[in-house]
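Have a look at the structure below before the remarks.
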Amino acid sequence: MEYAIVSILDRQFMVKPGSKIEVPGILGKEGDAYKDAKTLLIKDGEVKIGDPLTKEQVSFKINKLKKSTKIMVFKYKSKSRYRRKNGHRQDMTVLECVAAAPAKAKEVKAQPAKVTKEKAPAKKKTAKKE
């Protein structure tokens, strides 16, 4: 696999084997495997575009759980001495792309061909002579 475009929690990421991405939220414990990514496109020599998803599965390993940088939220209303200061740190999960598993071919049972009888051609109607 050269690269793939995956969708995790409705966000799209372009990943290569060994690349790391940061995803908001906690997706599991450190060291666990994460396989719920939806593969939209994969390039492995040729480009395979899903409709909407491809059958290949990209697997990830959860490297670590962390928090993002703090965002300050400040509410202020003039002429009324209303001030509120608040902070927020989003939980983040760092995922490492391990590999892409090829699509498993489904076994298709051979069905016997249907035998159709050919109908005789329709007879032409002739006009009655009087």
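Things to note:
- Sorting 3, 76 from the fewest to the most surrounding beta carbons within 10 angstrom yields 76, 3.
- With a threshold of 28 Å on the Cα-Cα distance, the over-threshold entries among 29/55; 38/70; 29/85; 29/75 are 38/70; 29/85; 29/75.
- Charge dipole (Cα centre; +1 on Lys/Arg Cβ, -1 on Asp/Glu Cβ; no other charges) of the chain amounts to roughly 1100 debye.
- All Cα pairs of the chain, percent lying beyond 16 Å: 74
No lab work stands behind these numbers, since they all come straight from the coordinates. Just so it is clear, the model here is predicted, and its values are computed rather than measured. All Cβ positions, glycine included, derive from the backbone under ideal geometry; neighbour counts span all protein chains shown.
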